[in-house]
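Comments concern the structure below.
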Amino acid sequence: MRNSALDPSSIDVEILVFLSRQEKGRATNIARGTGLNPKSVWQALQRLVDAGLVVRDEFDVYTITDAGKEMVNQIILDKRKRVKLYTASLARHVDELTEEEIELLDLIEKKIIKNK
């Protein structure tokens with residue numbers, strides 16, 4: 001996997017963003033913190049280690065590398081990539097939304113459609 005090949009909607013990027021905020025974590029903590037499937041998290045972490053975006057220590061604790069932080073920064077600075085990241089994350093966590101949050105999303109959607 002090339003760094004530039006990371007899709008902002010992928011769980012790989014969601015894990016990178018999580019690690020950029022938490023600094024480090026075990027696979028189980030990352031899965032719990034992101035709400036992602038533990039097996040999928042473990043597989044993604046292996047890809048991220050292979051790509052040099054994350055390192056794993058002898059205690060199976062994962063830490064984001066400078067290259068991983070740069071990848072997150074590039075996505076956050078690009079508005080379209082950032083929106084793609086947010087919407088993918090939102091889709092994975094839709095069952096956790098409150099009624100108020102759903103109403104807010106409805107308003108945002110109506111505004112977007114109205115402006116087209």
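Return the FRET efficiency for the residue pair L105, D57: r is the Cβ-Cβ distance, R0 is 41 Å, and the value is rounded to the nearest 0.05. With a Förster radius of 41 Å, E is 0.55. Loop sites here are GluC sites (Glu not before Pro) outside DSSP states H, G, I, E and B with no more than 11 other Cβ atoms within 10 Å. The longest part of the chain free of them is 59-116.
Straight Cα distances below 20 angstrom link K69 to the lysines K24, K79, K81, K84, with same-chain residues fewer than 8 positions distant left out. Considering only K39, K24, K84, the Gaussian network model of the chain with Cα springs below 10 Å gives its largest mean-square fluctuation to K39. Summarised in one figure, the compactness ratio Rg/Rh of region 3-114, Cα atoms and Kirkwood Rh, is 1.02.
What you get for region 3-114, charging only the Cβ of Lys and Arg (+1) and of Asp and Glu (-1), is a dipole of about 340 debye around the Cα centre. Of the residues Q22, V55, T65, the one whose Cα sits farthest towards the positive end of the charge dipole of region 1-76 is Q22 (charges of +1 on Lys and Arg Cβ, -1 on Asp and Glu Cβ, taken about the Cα centre). Structure remark: mean-square fluctuation, Gaussian network model of the chain, C-alpha springs under 10 Å; the largest value among L53, L104, L19 belongs to L104.
Put the Cα centre of region 30-47 next to the Cα centre of region 68-116 and the gap is 20 Å. Before rounding to the nearest 500, sum -39500 (n - 2.57) across all DSSP H runs of length at least 4 in the chain and divide by the residue total; then give [θ] at 222 nm in deg cm²/dmol. Theoretical 222 nm ellipticity from helices: -20500 deg cm²/dmol. Only Cα pairs under 8 Å and 6+ residues apart enter the sum, and on that basis the relative contact order of the chain stands at 29 percent.
No lab work stands behind these numbers, since they all come straight from the coordinates. Source: prediction; values computed, not measured. FYI the Cβ positions are ideal-geometry reconstructions off the backbone, even for glycines, and counts take in every protein chain you see.
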